[in-house]
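J.: Sharing a structure, written as structure tokens. Questions coming.
The values are calculated or read from the model by the stated rules, or taken from the named source; none is laboratory data. None of these values were measured; they are calculated from a predicted model. Glycine gets a Cβ as well: all are built from the backbone with ideal geometry, and neighbour counts include every protein chain shown.
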Amino acid sequence: MDDPFELSDTPSTPSARAAPGPAPVTAVRSPTYLDALNPTQRESVEATEGPVLILAGAGTGKTRVLTTRLAHILAQGKARPWQILAVTFTNKAAREMRERVAELAGAAVEGWWLGTFHAIGARILRVHAEAVGLKSGFTILDTDDQLRLIKQLLEARNVDPKRTPPRAALAIIQRWKDRGLTPDRISEAEGAEAMDGLALPLYHDYQARLATVNAADFGDLLLHGLTLFRSAPDVLARYQRQFRYILVDEYQDTNVAQYLWLRALAQGHHNICCVGDDDQSIYSWRGAEVGNILRFEHDFPGARVIRLEHNYRSSPHILAAASGLIAHNRSRLGKTLRTDRGAGDKVLVRGVWDGDDEARMVCQEAERLTGCGHRLSEMAILVRAGFQTRAFEERMITIGMPYRVIGGLRFYERQEIRDAIAYLRVVFQPGDDLAFERIVNMPKRGIGIASLRAIHTLARAESLPLTAAAERLIETDELKPAARRALARLLADLARWRDDVPRVPGPELTRRILDESGYTAMWQRDRSPEAPGRLENLKELVSALEDFDSIPGFLEHVSLVMENDENGMADKLTLMTLHAAKGLEFDTVFLPGWEEGLFPHQRALDEGGTSGLEEERRLAYVGLTRARQRAVISYAANRHVYGYWQNPMPSRFIGELPEDAVDTVVATGLAAGPAARRPQEASAEPLMEPETGNAVVTGGRSRRAARVIEGVPYRSIPRSAATGPFHPGQRVRHGTFGEGQVVAASGDVLEIAFDSVGTKRIVQSFVELVA
DNA sequence: TCCCTCCTTGTTTTT
DNA sequence: CAAGGAGGGA
């Protein structure tokens, strides 16, 4: 390698398949935890020395391999815990790994470096902050802060925010950071090109501003790490010596900065093991580089490549459908997933009239499955885009089907939570200008832009933090009396809260701050429908604080962890995007909206060309491989989108599914999807599903007569036999809405007056009698 | 300073 | 269609 911090060219040819390799050398009697593994999994665990790349297909037991490998290294005494570095992308993955290793090892492992790239980056940076121009107590910015900062900088340069949207500018800077590029390393040509040459100077401004406010954004946690390693070889050498074993999860999602960071650290012992699946790379738009998989063998000569190809999750039909689909991608390393499970259902492709019909169909099927003893918590609806959830939510609300939506705004991203945290930041970190700006007029206290500008001017002139400048300013008569009084009051409050810190426990102090600042009152006064929920969230925040020893400890936690931990135990159907579903699995997966323009998404096609299309296809692959037993794909002939009706074509992905693995059911009167077209032409009269009147078409091109799908699908099978018919007057209980009284019953739909949420119409299979 | 109305712009998202 | 931002008027 010529320059340890430069990227080599990506080798263009994927490696040949790994040879079986020599039999692993093992101890006389191998530990029992290895018995649970198949030969390749075991090989992956035992190949502890030297660089290893594990290509782990969907459902091949990746997490088991990873955790067993860690436990193995510890059990064999190859390293002490602090000599192990294990990086993941999400806190959830880190937590899961921690728990599962503890289970295998019989005790929690203390002192190892397990965490997200960002958490570990921050941990290292806290120690060496000075080396990159920060102080150890630096704040970590959230997206809101970043955007506000960019806006200010654009304003300072008199740039029209319409022609140069702050979001776009931030995105460019972030992509640079993803590539490990500090402002000084961006080529002249690229700098001149990005946003008419505006982005690069803006990037300079941005970094300078971050340094003055002693802050780092997420990208910096790695980028500064790289700078540190470059400028202080002795520091790097220390970490290289320390980390005897390095392990990386979801390797296909690493960006270049993360890759360089890893590669630098691995130069000590070369014991780096990366686990990933190029077919599940779905985050290139966020800077992830699948090329890192190809680079691995190039940069770590002699790297061992192990493929995990035995799938333990999905039925053969699902696996065949997924494999057949992904085979249409040109750029992939290639894996062949195998299973030895019994046949199972074919993947079902349903053509429906419109989005409402689709929601009805999906819910009806989910309901039918619950009637056969399947749990809602084992089903998921996976959508391409967030807005698609609405139709399903509406339907589930009307029939009273319990559900939960994953994603959307996470807890710590909500406005009220960010505001509350900003108050804490100002109290504990008086130099935190961004937090100060956020709360200075929230709730409205008459400190507008004019006053804020005055504070800014003074702060800049005297190079003071905003709080200090504000304190100076209220001594003068520069502000209008009203503003001056309001600001003085706020500063006095802040001072008092800071005084309280040693005496008052965190949760209590937080409650006091929210009340005395008028923040709670602001939402209590608010008449909008979301206000009560916001107050609820604030309470939740206060109780979350109880798990922390100190507020600063809590603040470090929230700046790195953005999750909402929900009570995941309840029996609810899960609704989320395909992206959010990666790493999860369900018995039944519904995949709606497989239409050209929506999936593959038009924008991915327009902006990404062939590689964009291939990433969409990988997303489809991820969706299908989430299913253990059943997958139902659907497309609508009419879709209401952005206010108008469109008549999309069924997704090309449907036509790419191997015919033998799918059954197709198309609503009467609709053109069949590509997979169904031919057999319909071949047979003179379309067969009808006896109960619904739907045309039934199976996948086989050569087959002349279509097979009616076993059983009678898509009719709800009420559970009245088990629960008995309901009568007005009875007390019933519902999973989401609690208890209530039956007002009326017609068919299997009940009208129920719930004690807490009012009257709703509920399908009877979702309620039970209260004894 | 605040509030209302008009206009634009619509993927995916962790840390 | 709906939400969020900008700009104008009170």
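J.: If the requirement is being in contact with a Ser or Thr (Cβ under 7 Å, 6 or more places away or on another chain), more than 27 Å from A:GLN415 (Cβ to Cβ) and of a type in the set (Gly, Ala, Ser), which of these qualifies: A:ALA199, A:ALA189, A:ALA194, A:ALA129? Break it down into steps so the answer makes sense when it comes.
T.: Working: A:ALA199 fails: in contact with a Ser or Thr (Cβ under 7 Å, 6 or more places away or on another chain); A:ALA189 fails: in contact with a Ser or Thr (Cβ under 7 Å, 6 or more places away or on another chain); A:ALA194 fails: in contact with a Ser or Thr (Cβ under 7 Å, 6 or more places away or on another chain).
Result: A:ALA129 is the single residue among A:ALA199, A:ALA189, A:ALA194, A:ALA129 that is in contact with a Ser or Thr (Cβ under 7 Å, 6 or more places away or on another chain), more than 27 Å from A:GLN415 (Cβ to Cβ) and of a type in the set (Gly, Ala, Ser).
J.: Next question, about the same structure. If the Cβ limit is 6 Å and pairs must be 6+ apart or interchain, which residue in segment A:576-597 that is touching a residue at least 24 places away in the same chain (Cβ under 8 Å) pairs with which residue that is away from DNA strand C (no atom under 16 Å from the Cβ) and acidic (Asp, Glu)?
T.: A:PHE586/A:GLU378; A:ASP587/A:GLU378; A:PRO592/A:GLU358
J.: A further question on this structure: Which one is surrounded by the fewest Cβ atoms within 10 Å (Cβ to Cβ) among residues in segment A:146-176 that are within 15 Å of DNA strand B (Cβ to nearest atom) and small (Gly, Ala, Ser)?
T.: So in segment A:146-176, the residues within 15 Å of DNA strand B (Cβ to nearest atom) come out as A:146-150, A:160-176.
From the residues that got through so far, the ones that are small (Gly, Ala, Ser) too are A:168-169, A:171.
Values: A:ALA168: 13, A:ALA169: 24, A:ALA171: 15.
Out of the qualifying residues, it is A:ALA168.
J.: Name the helices (runs of 4 or more DSSP H) wholly inside segment A:556-669 in which the number of residues that are within 12 Å of DNA strand B (Cβ to nearest atom) and aliphatic (A, V, I, L, M) is 3 or more. Full working, then the answer.
T.: Details: elements: A:578-581, A:602-624, A:652-655.
The helices (runs of 4 or more DSSP H) meeting that bar are A:578-581, A:602-624.
J.: Return the only residue of A:PHE436, A:PHE411 being closer than 20 Å to A:ALA570 by Cα and either more than 27 Å from the chain's Cα centre (by Cα) or not acidic (Asp, Glu) (or both). So that I can check it myself, show each step before the final result.
T.: Numbers: A:PHE436 fails: closer than 20 Å to A:ALA570 by Cα.
Residue meeting the stated conditions: A:PHE411.
J.: Of the conditions (1) within 16 Å of DNA strand C (Cβ to nearest atom); (2) of a type in the set (D, E, K, R); (3) in a helix (DSSP H, G or I), A:LYS162 clears all except one; give me its number.
T.: (3)
J.: Answer yes if at least one residue in segment A:348-366 is among the polar types (S, T, N, Q) and touching a helix residue (DSSP H, G or I) at 6+ places or on another chain (Cβ under 7 Å), and no otherwise. Even if it seems obvious, please write down each step before you answer.
T.: So in segment A:348-366, the residues among the polar types (S, T, N, Q) come out as A:364.
With touching a helix residue (DSSP H, G or I) at 6+ places or on another chain (Cβ under 7 Å) added as a condition, the list becomes none.
There is no residue in segment A:348-366 that is among the polar types (S, T, N, Q) and touching a helix residue (DSSP H, G or I) at 6+ places or on another chain (Cβ under 7 Å).
J.: Sort out for me the helices (runs of 4 or more DSSP H) sitting completely within segment A:193-312 that have 3 or more residues that are of a type in the set (D, E, K, R) and touching a residue at least 40 places away in the same chain (Cβ under 8 Å). Show your work before the answer.
T.: On the way: elements: A:199-212, A:218-231, A:233-242, A:256-265, A:291-299.
Correct list: A:291-299.
J.: Need the failing condition index for A:LYS539 against (1) in contact with a helix residue (DSSP H, G or I) (Cβ under 8 Å, 6 or more places away or on another chain); (2) more than 14 Å from DNA strand B (Cβ to nearest atom); (3) in a helix (DSSP H, G or I), just the number.
T.: Going through the list (1) in contact with a helix residue (DSSP H, G or I) (Cβ under 8 Å, 6 or more places away or on another chain); (2) more than 14 Å from DNA strand B (Cβ to nearest atom); (3) in a helix (DSSP H, G or I), A:LYS539 breaks only (1).
J.: Next question, about the same structure. For segment A:621-643, which residues satisfy the criterion of being within 16 Å of DNA strand C (Cβ to nearest atom) and either of a type in the set (A, V, I, L, M, F, W, C) or modelled with pLDDT of 95 or more (or both)? Please lay out each step first, then the result.
T.: So in segment A:621-643, the residues within 16 Å of DNA strand C (Cβ to nearest atom) come out as A:638-643.
Answer for segment A:621-643, where residues must be within 16 Å of DNA strand C (Cβ to nearest atom) and either of a type in the set (A, V, I, L, M, F, W, C) or modelled with pLDDT of 95 or more (or both): just A:VAL641.
J.: Taking A:GLY180, is it part of a helix (DSSP H, G or I), surrounded by 14 or more Cβ atoms within 10 Å (Cβ to Cβ) and out of contact with any Ser or Thr (no Cβ under 9 Å at 6 or more places or on another chain)? Spell out the reasoning first.
T.: Values: part of a helix (DSSP H, G or I): no; surrounded by 14 or more Cβ atoms within 10 Å (Cβ to Cβ): yes; out of contact with any Ser or Thr (no Cβ under 9 Å at 6 or more places or on another chain): yes.
No: the conditions fail for A:GLY180.
J.: I'd like the full set of residues that are surrounded by 21 or more Cβ atoms within 10 Å (Cβ to Cβ) and of a type in the set (Gly, Ala, Ser), limited to segment A:611-636.
T.: Selection gives A:ALA620, A:GLY623, A:ALA627, A:ALA631, A:SER634, A:ALA636.
J.: Then there's this: Among the residues of segment A:123-134, is there at least one that is under 27 Å from A:GLU49 (Cβ atoms) and either within 12 Å of DNA strand B (Cβ to nearest atom) or free of Cβ contacts under 8 Å to residues at least 60 places away in the same chain (or both)? Even if it seems obvious, please write down each step before you answer.
T.: At the first step, the residues of segment A:123-134 found to be under 27 Å from A:GLU49 (Cβ atoms) are A:123-124.
Remaining after also requiring either within 12 Å of DNA strand B (Cβ to nearest atom) or free of Cβ contacts under 8 Å to residues at least 60 places away in the same chain (or both): A:123.
Yes, that holds for at least one residue.
J.: Quick check on segment A:87-117: of everything there that is among the aliphatic types (A, V, I, L, M) and surrounded by fewer than 14 Cβ atoms within 10 Å (Cβ to Cβ), which residue is farthest from A:GLN252 (Cα to Cα)? Steps first, answer last, please.
T.: The initial filter retains those residues of segment A:87-117 that are among the aliphatic types (A, V, I, L, M), namely A:87, A:93-94, A:97, A:101-102, A:104-105, A:107-109, A:114.
Checking the rest, the ones that are also surrounded by fewer than 14 Cβ atoms within 10 Å (Cβ to Cβ) come to A:107-108.
Details: A:ALA107: 31, A:ALA108: 28 Å.
Among them, the one singled out is A:ALA107.
J.: Please enumerate the residues belonging to segment A:475-517 that are touching a residue at least 40 places away in the same chain (Cβ under 8 Å) and not in a helix (DSSP H, G or I).
T.: We begin by selecting, within segment A:475-517, every residue touching a residue at least 40 places away in the same chain (Cβ under 8 Å); these are A:486-487, A:489-490, A:494, A:497-498, A:501, A:506, A:509-510, A:513-514, A:517.
A:VAL501, A:SER517 - these are the residues of segment A:475-517 that are touching a residue at least 40 places away in the same chain (Cβ under 8 Å) and not in a helix (DSSP H, G or I).
J.: Sticking with this one: Out of segment A:594-609, which residues are farther than 21 Å from A:LEU348 by Cβ and touching a Lys or Arg at 6+ places or on another chain (Cβ under 9 Å)? Walk me through it before giving the result.
T.: As a first pass, look at segment A:594-609 and keep what is farther than 21 Å from A:LEU348 by Cβ: A:597, A:601-609.
Correct list: A:GLY597, A:HIS601.
J.: I would also like to ask the following. List the helices (runs of 4 or more DSSP H) that sit entirely inside segment A:326-430 and contain at least 3 residues that are buried (at least 18 other Cβ atoms within 10 Å of the Cβ) and within 16 Å of DNA strand B (Cβ to nearest atom). Spell out how you get there, then give the answer.
T.: On the way: elements: A:355-371, A:389-399, A:415-428.
Correct list: A:389-399, A:415-428.
J.: Continuing with the same structure: Would you please name the residue that is surrounded by the most Cβ atoms within 10 Å (Cβ to Cβ), looking only at residues in segment A:518-528 that are of a type outside the set (Phe, Trp, Tyr) and touching a residue at least 12 places away in the same chain (Cβ under 8 Å)?
T.: Keep residues of segment A:518-528 that are of a type outside the set (Phe, Trp, Tyr), which gives A:518, A:520-522, A:524-528.
So of that shortlist, the ones also touching a residue at least 12 places away in the same chain (Cβ under 8 Å) come out as A:518, A:520-522.
Numbers: A:GLY518: 17, A:THR520: 20, A:ALA521: 13, A:MET522: 17.
Applying the filter and picking the extreme gives A:THR520.
J.: Given the condition within 16 Å of DNA strand C (Cβ to nearest atom) and either assigned to a loop (DSSP other than H, G, I, E, B) or on the phi > 0 side of the Ramachandran plot (or both), answer yes or no: does some residue in segment A:165-173 qualify? Lay out the reasoning, then the answer.
T.: Applying the first criterion (within 16 Å of DNA strand C (Cβ to nearest atom)) to segment A:165-173 yields A:165-171.
Checking the rest, the ones that are also either assigned to a loop (DSSP other than H, G, I, E, B) or on the phi > 0 side of the Ramachandran plot (or both) come to A:165.
Yes: one or more hits.
J.: Let me confirm something: among A:THR182, A:THR212, A:THR143, A:THR139, which residue is more than 24 Å from A:LEU466 (Cβ to Cβ) and either within 16 Å of DNA strand C (Cβ to nearest atom) or of a type in the set (S, T, N, Q) (or both)?
T.: On the way: A:THR212 fails: more than 24 Å from A:LEU466 (Cβ to Cβ); A:THR143 fails: more than 24 Å from A:LEU466 (Cβ to Cβ); A:THR139 fails: more than 24 Å from A:LEU466 (Cβ to Cβ).
Going through A:THR182, A:THR212, A:THR143, A:THR139 in turn, just one is more than 24 Å from A:LEU466 (Cβ to Cβ) and either within 16 Å of DNA strand C (Cβ to nearest atom) or of a type in the set (S, T, N, Q) (or both): A:THR182.
J.: Right, next: Would a scan of segment A:435-446 turn up a residue that is outside any loop (DSSP other than H, G, I, E, B), under 25 Å from A:LEU141 (Cα atoms) and within 16 Å of DNA strand C (Cβ to nearest atom)? Show your work before the answer.
T.: The initial filter retains those residues of segment A:435-446 that are outside any loop (DSSP other than H, G, I, E, B), namely A:435-439.
Within this subset, residues satisfying the condition of being under 25 Å from A:LEU141 (Cα atoms) are A:435-439.
Now restrict to residues that are within 16 Å of DNA strand C (Cβ to nearest atom): A:437-438.
Yes, there is a match, as at least one residue in segment A:435-446 is outside any loop (DSSP other than H, G, I, E, B), under 25 Å from A:LEU141 (Cα atoms) and within 16 Å of DNA strand C (Cβ to nearest atom).
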